[in-house]
Amino acid sequence: MSWEPKIIAFLCNWCSYAGADLAGVSRLRYPPSIRVVRVPCSSRVSPAMILDALKSGADGVLVSGCHPGDCHYLTGNLYARRRFYLLKKLLEFVGLDPERVQFAWVSASEGDVFAKVVTDVTDRIKALGPNTKFRKVLRVEGKS
Amino acid sequence: MSTLTEKIREAAQKVLAEGLAEVVLGYTHGSLPYRNRVTVVNTPEEISRLIWPSIGVLNPANVLHKLKGKKVALISPGCVSRAVVVLCQEGQVKRGEVYLLGVPCPGMLDPSKVRALGKKILRLEDDFKEKVLVVTSEGEKIVGREELLRQNCLECRHPTPLVYDQLLEGEARKPSPSPYQKVEEIEAREVSARWQWFQEAVVSRCIRCYACRNACPLCYCPTCFADDSRPQWVGKTRDPVDTALYHLVRAYHLAGRCVDCGSCEAACPMDIPLRLLTKKLEKEALSAFSFESGLDPEAPLLLTTFREEDPEDFMITQELKALGKI
Amino acid sequence: MPVIIVKGPKGSEVGRELNVNLLTLSEILEISGEPGDFRIRIRKHPRYVDEDKCIACGQCAAKCPKQVPNEFDRGLSKRKAIYLLYPQAVPLKYAIDPRHCIWLKKPGRCGFCAKVCPAGAINFEQKPEEFELKVGAVVLAPGFDTFDPSGLDNFGYRRLPYVMTAHEFERLLSASGPTKGELIRPSDGRVPRKVAWIQCVGSRDINRAKVPYCSSVCCMYALKQAVIAKEHVKGDFSASIFYMDMRTMGKGFEAYLERAKRLGVKLVRARVHTVLPNEDKLILHYVDEDGSLRDEPFDLVVLSVGLRPHPSLETLSSRVRAERDDFGFLKSSLLENRPGVFVCGAGAGPKDIPETVTEASAAAAKAEILLAEARNTETKEKTYPPERFVFPEEPRIGVFVCHCGINIASVVDVEEVTEFARTLPDVVYAGHNLFTCAQDTINRIVRIIEEKRLNRVVVAACTPRTHEPLFQETLRTAGINPFLFEMANIRDQDSWVHPDDPARATEKAKELVCMAVNRVRLKRPVPQASIKVKRAVLVIGAGLSGMQAALALADQGFDVALIERTGELGGFARRLNREVGGKHIRTLVKELAQKVSSHPKIDLRLNVSVKEVEGVVGDFKTTLSDGNVIEHGVVIIATGAKPYVPQGRFAFGYGTHPAVKTSLELDELLVRQALPEPKQVVFIQCVGSRNEEHPYCSRVCCSHTMEQIIELKKHFPELEVFVLYRDIRTFGTKELLYQKARELGAVFIRYDLEDLPEVDTEGGLKVKVKDHVLKEDIILEPDLLVLATGIVPDDSSRELAKFYKCALTAEGFMLEAHLKLRPVDFATDGIFMAGLCHYPKFAEESITQALAAAARAATILAREELPAESLVAEVDPRKCTACGQCVALCPYQAPRLEEVKPFGLVSVISPSLCKGCGNCAAACRCGAIQVKNLGEEPIIAAVEAAFGRVWY
């Protein structure tokens, strides 16, 4: 089997998670690369969580929330947008491949957009290859 | 004796005499000519200890919390005033409890640049304008001031404080015309070269002593994320990924807050260019959100506000839309 | 208990509500009895699919060989004979269309659906059922149909391939429509670059379409379609709307119109005469505003078809004995058709979504008043065994993996996933089921929880968005706290999207299970939070709306405090001269005032205002200016608005010349019959509306002018009437007033905002206006100049909004939680609005909104306790520095800085205000804030599990 990247996708419960479900209901196809973590709002996701995902071995991280104006919590996504902008610029600055960390707006009715975003992000990360820079080699810890 | 030092002493005298403050927090000579330090003056008799340091010192705002309950007069060049403003915005300091003695800042010299001038530095004479006379064990040298200034002073956008209770007379450096030159130099490199720089200049040098955090007047969390164990964001070893994560999150935690006082770099025993990370975020905050930290105690912080028109072209969906793919 | 009878499916909230009995595919046969005691005979048509068994996997539709036009897509796509009308249908169950099903027509011939259905849900033997329901009140909400323009041959619909209705166009723009939102001409698949909308097709047309009323919604939907189409089409695109009057009289609509103009949507004031074919284009033949004849080519023409009564109304109205109006809509006198039978929505006349939703709540209020005595007599509530105290136990996790028939199992190796789950630490049970959500499996899960003493459960199946509540209930049934649960979505987000890669889909499923196990292990039991409700309401403002809302709630038996800033009841309405619901408005106000003053449940207080507010929904404390404190569970704000006082550019001689009056002053003169006979009257419309200072339409002025013209002409038949206007906005059946005014001889002259009429008060009164048709100035010399003044927000709104932490629009009106779907709710829970403080509106609309606000308030007042968000944020005071970031960014004002011993000043988050979004937690640098069960640890545990790192 060819290498398939593993991407952690933080999806807000109200829009993007529903959009991902709709992609399934519509039987759209996208690469089996993403591992979805459901969060209440894109603003729940802190930069440290994104970095932790990369550190744990993610080849990429996708954070997706509601479109501006649609946030279930009114403005959470707009605060998140600022945070993510700064994080993305900082990661770019230190030479971490900027394509590895992606942010999106996907509404509950945009199953097709979700599928396209996942496909596109997966392609980009495939082109970069595995995350070797920011991955901490972990041992699976057993119960002692 | 420089006139700025005289002015500071005079003003401090008056502040204590008039009861505008109980103590004065400022700078004094250190044990070596190129090592000044922060001091607290409690009585008028001690005022003669106060100086305007020619050579850079840590940010005195960092010790404000130790003086809680006392009204403090603070010798404040631009960056110190800005640090206090951020602390006020974040409720750590009450504006009324600090008397800001504003200093139009001529910039401070970089101790490591001075040290490099000779084996033993005996004396310095700084005209605070153009030249510095350096007396070393090898002889005397006159050096252009610009050559010896700290990088953060060279890149300073606000040498004169905007927020103060009293502003001393004097001539400040002009605001830097190219505050982000060093940042731009890194930005211009290729991704791999940037990563290499980050690894070599920051990650591999770091011994995780956290002096940068401890020196920072704006790092005041009771438990720093770097020390937290639930969850443990940063491993306790010197794994390069943990170190990188520490530096990225440290810089991010200062986004829209850092006042570029240079304390982190001054404190770093490994000469890590820590400011470049915070400066990068400062640059982004200014260009993307027209935001500068520490200029207005009433203004919201960078991350507690937003504008509808904040940039979003960095988002994959907007990019795909622009490409006509979605 | 309300019974909803729908032919088509309705919203998902209704589907989940235990106290709503949703009868789909059903029709009323007969109704008898009287208000409070009706008997309704119902026929339920067969679905041929067992609703309890269908899992909506869609395999039946995939196999069904019979294709039929999809009516939901207006025939632009095909569906099967077994189908879901649309993906969000409620209940989400397939149905067989007996008109097309091969088996039902010839039993034994096809039956593929029954063969492939993994749940055995197909039942060809179902027969229609008839039964009787006993109800106290009936609400009719039959909806509408759109006008069929096939009969208007000049537009060429169905004859010319590039002419379509707006309804069809709407489907083209929809992401779930026939083209997945791609804008192409259905006939040749080409992208149209130049599109025209023709307004008023089947509206305001007595000659050809024979529809005299305005359909109210078409201007807005055409603007919306034009704007969205511009966004959808890349590159060159031009949108033109051909219209008579641009009717954007709703809240926020005028701003949308301006936005559309800025985006380059062309507005052409012209009635299109004919649409002609020309190769692969269409030529629009019309006369422009200058009177010149024009031919303009377009790629696509959209007919903005109007709203008409649904054809089924004829049968329904006769069976229910509900009267219809001249146009065939259900009659509605303040929402009542006949005693005990209420109507709402577009079945009673064309209207937009906000009005429809408002009417729906208002009709519910009417029914509530009628049935107040019976409240809670038939309410259903589920009971559960006491919760097991699992806190000190080691985690004992059970994993249930679902086949979902073959939906998951055909792609994912369910057994392998189950085996894998068994190897995970703390997992003491793992099993797989054909249908985990089937009732027998649910019962088995309950048994296994008890037998294995599970204290945490993971279900790997479909999506938590639809099934989490079901499984959480299962946990409660087994005596386990419902929050000790996690789902792994291995269907919608795995098997369904990776059908070609079973190996990787299985790998992904295993990791998703591992993530869920890691996450559930760290979860703690959380008590279901609730707030005790103070069953009293505060109504602020005793105008028409405030009084109506107060009465609607008092009549249901709730305690009402009604406060009024002035010393009098009635507000704005006292100044009007109109008929409302068959009565003069001033009589109506007097009657209402009489009722609220003497109602035993209403505590009326005049000359007081709000001074201080604390508390949250269910438990407010409001201090009044006289020092009295009112404790209440909900608030209705009905503080009204003010008439605009003509000034500046818009003074038009007001205050200078005595013959210049505002429309309210004319009302007063008419009521007092004190108007000396005028020879010529001129009305100027939009005074204080639709300009820079007040960039919105005041909605009522055009219709009010028509009413005044009709009354003036009644008293003075010889009177000459001129109306200077920008767009006449007599929407809905108010259009008939406009028609009447024209018939009575009123002359209408249009003006632009850039070219205002000029009024000269020196000597006699002179009004100069430029006539667009004649292209010359006209000088009028009226002896009465009436300024149709707009409605502007009252400054007190601003103060009140601050007290109750509510938002205002840029114009200063109250801002609702959602412009369309929650038109009387504020974003802050427990606070509702009614009347002019929300937006300019007619008295009838204010009354409706007041009833709606009362109904919304009653949803809270009717309960002892309100469920609150349980998974809220909490502050660890040891880590908090009181930096105030959380306070600054929370839109719900949940965090506050407080002194807490021994920690000093720290943030304290109110669990009743917190919605659990976690924004503050992500912003907190010190890690002092955690959301219950959604803290950093469970999230990171899930992330790290994806890479094989198991936490415990």
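Here, each number is a calculation from the coordinates, and none is a lab measurement. Here the structure is a predicted model, which is why all the values come from computation and not from measurement. Note that each Cβ is placed from the backbone with ideal geometry, even for glycine, and that neighbours are counted across all protein chains shown.
Look at C:TYR286, C:TYR83 and count the other Cβ atoms within 10 Å of each Cβ; fewest to most, that gives C:TYR286, C:TYR83. The relative contact order of region C:873-931 comes to 46 percent, based on Cα pairs under 8 Å that sit 6 or more residues apart.
Pairs of Cα atoms nearer than 8 Å and 6+ residues apart set the relative contact order; for region C:644-790 it is 36 percent.
So, in Å, what gap is there between the alpha-carbon centers of region C:855-885 and region C:715-778? Distance between centres, Cα-based: 55 Å.
About its Cα centre, the dipole of the protein assembly as shown is roughly 3200 debye, where the only charges are +1 on Lys and Arg Cβ and -1 on Asp and Glu Cβ.
Expressed as cubic angstrom per residue, what is the convex hull volume of the alpha carbon set of the protein assembly as shown?
Details: hull volume 313.2 nm³, N = 1422.
Taking only Cα atoms, the protein assembly as shown has a hull volume of 220 Å³ per residue.
Taking every DSSP helix (H) stretch of at least 4 residues in chain C, weighting each as -39,500 (n - 2.57) and dividing the sum by the residue count yields a mean residue ellipticity at 222 nm of -7500 deg cm²/dmol. For chain C, taking Cα atoms only, Rg and Dmax work out to 31.4, 99 Å respectively. Ordering A:ASP70, B:ASP110, C:ASP97, C:ASP795 by the number of other Cβ atoms within 10 Å of each residue's own Cβ, fewest first, gives C:ASP795, A:ASP70, C:ASP97, B:ASP110. For chain C, the longest principal axis of the C-alpha atoms and the axis of helix C:218-232 are separated by about 50°.
Other chains near A:104-117: what is the mean number of their Cβ atoms within 10 Å of each residue's Cβ? Don't skip to the answer; put the middle values down first.
Values: counts 7, 6, 3, 1, 2, 6, 5, 6, 6, 7, 4, 2, 5, 7.
That average works out to 5.
Summary of the geometry: region C:614-689 and region B:62-102, compared by the centres of their Cα atoms, lie 51 Å apart.
Give me a single rounded figure for B:241-253: the average over its residues of other chain Cβ atoms within 10 Å of their Cβ. Let's see the in-between values first.
Working: counts 9, 2, 0, 8, 8, 1, 2, 11, 8, 1, 5, 10, 4.
Counting Cβ atoms of other protein chains within 10 Å of each residue's Cβ and averaging gives 5.
Please compute, for peptide B:276-286, the average count of beta-carbon atoms on other protein chains lying within 10 Å of each residue's beta-carbon.
3
Here chain A yields Rg over Rh of 0.98, to two decimals, using C-alpha coordinates and the Kirkwood radius. Shown here for region A:53-144: trypsin sites (Lys or Arg not before Pro) in loop regions (DSSP other than H, G, I, E, B) with at most 10 other Cβ atoms within 10 Å, namely A:ARG139, A:LYS143.
Of the residues C:HIS657, C:HIS632, C:HIS838, the one with the fewest other Cβ atoms within 10 Å heads the list, and the complete ranking is C:HIS657, C:HIS632, C:HIS838.
Largest first, the three principal axis extents of the alpha carbons in chain B are 71, 49, 40 Å in whole numbers.
Rounded, prolate or oblate: which one fits region C:644-790, using the alpha carbon gyration tensor with axes a ≥ b ≥ c (rounded when a/c is under 1.5, else prolate when a/b beats b/c, else oblate)? Rounded, since a/c falls under 1.5.
In order along region C:161-166, the phi-based Karplus estimate (6.51 cos²θ - 1.76 cosθ + 1.60, θ = phi - 60°) of 3J(HN,Hα) comes to x, 9, 10, 9, 8, 4 Hz; Gly and Pro are listed as x.
With Cα atoms defining each centre, region B:111-180 and region C:587-612 are spaced 75 Å apart in the structure.
Taking a threshold of 27 Å on the Cα-Cα distance, which of the pairs B:LYS120/B:LYS283; C:LYS766/C:LYS841; C:LYS661/C:LYS713; C:LYS595/C:LYS734; C:LYS510/C:LYS879 fall above it? Don't skip to the end; give the middle numbers.
On the way: B:LYS120/B:LYS283 38 Å; C:LYS766/C:LYS841 32 Å; C:LYS661/C:LYS713 18 Å; C:LYS595/C:LYS734 30 Å; C:LYS510/C:LYS879 37 Å.
From the list (B:LYS120/B:LYS283; C:LYS766/C:LYS841; C:LYS661/C:LYS713; C:LYS595/C:LYS734; C:LYS510/C:LYS879), the Cα-Cα distance tops 27 Å for B:LYS120/B:LYS283; C:LYS766/C:LYS841; C:LYS595/C:LYS734; C:LYS510/C:LYS879.
Excluding same-chain neighbours fewer than eight residues apart, the aspartates and glutamates reachable from C:LYS127 by a Cα-Cα span under 16 Å are C:GLU27, C:ASP50, C:GLU51, C:ASP97. Angle of helix C:253-262 to the longest C-alpha principal axis of chain C, folded into 0 to 90 degrees and rounded to 10: 90°.
For the Cα atoms of chain C, what angle does the longest principal axis make with the long axis of helix C:353-370, in degrees from 0 to 90, nearest 10? Taking Cα atoms only, the helix is inclined about 80 degrees.
Remark: region C:873-931 is approximated by an ellipsoid whose semi-axes, taken from the C-alpha gyration tensor as √(5λ), come to 16, 12, 10 Å, largest first. Estimated from the Cβ-Cβ distance and a Förster radius of 45 angstrom, the FRET efficiency linking C:GLU665 and B:LEU323 is about 0.15.
Need one number: convex hull volume per residue for region B:120-279, Cα atoms only, in Å³. Don't skip to the end; give the middle numbers.
Working: hull volume 26.6 nm³, N = 160.
Per-residue hull volume (Cα only) is 166 Å³.
Under 20 Å from the Cα of B:LYS279, which lysines turn up, not counting those fewer than eight places away in the same chain? The qualifying lysines are A:LYS88, A:LYS89, B:LYS174, B:LYS182. Phi-derived couplings, Karplus 6.51 cos²θ - 1.76 cosθ + 1.60 at θ = phi - 60°, listed residue by residue for region C:648-659: x, 4, 9, 6, 6, x, 5, x, 9, 10, x, 8 Hz, with x used for Gly and Pro.
The aspartates and glutamates within cross-link reach of B:LYS7, meaning a Cα-to-Cα straight distance under 19 Å and a gap of 8 or more places when in the same chain, are B:GLU18, B:GLU22, B:GLU45, B:GLU46, B:GLU125, B:ASP126, B:ASP127, B:ASP165, B:GLU169, B:GLU171. Each principal axis of region C:335-461 carries a Cα extent, and these read 66, 39, 24 Å when sorted largest first.
Rounded to 0.05, the FRET efficiency of the C:LEU897 and B:VAL191 pair, given R0 = 41 Å and the Cβ-Cβ distance, is 0.40. Over all Cα pairs of region C:397-521, how is the pair count split among 5 Å bins, expressed in % and running from 0 up to the last occupied bin? The percentages, shortest bin first, are 2, 13, 25, 26, 20, 10, 3, 1, 0.
Considering only A:THR75, A:SER33, A:GLY65, the residue lying farthest towards the positive end of the dipole of region A:7-128 is A:THR75, judged by Cα position with unit charges set on Cβ.
Any of C:LYS66/C:LYS115; C:LYS532/C:LYS805; A:LYS55/C:LYS915; C:LYS44/C:LYS115; C:LYS382/C:LYS523; A:LYS6/B:LYS236 with alpha carbons more than 23 Å apart? Name them for me. All intermediate terms of the calculation are to be shown ahead of the outcome.
On the way: C:LYS66/C:LYS115 15 Å; C:LYS532/C:LYS805 21 Å; A:LYS55/C:LYS915 31 Å; C:LYS44/C:LYS115 26 Å; C:LYS382/C:LYS523 25 Å; A:LYS6/B:LYS236 26 Å.
Check vs 23 Å cut-off fails for A:LYS55/C:LYS915; C:LYS44/C:LYS115; C:LYS382/C:LYS523; A:LYS6/B:LYS236.
A viscosity of 0.692 mPa s and a temperature of 37 °C, combined with the Kirkwood radius over Cα pairs in Stokes-Einstein, give a translational diffusion coefficient for region C:145-309 of 207 µm²/s.
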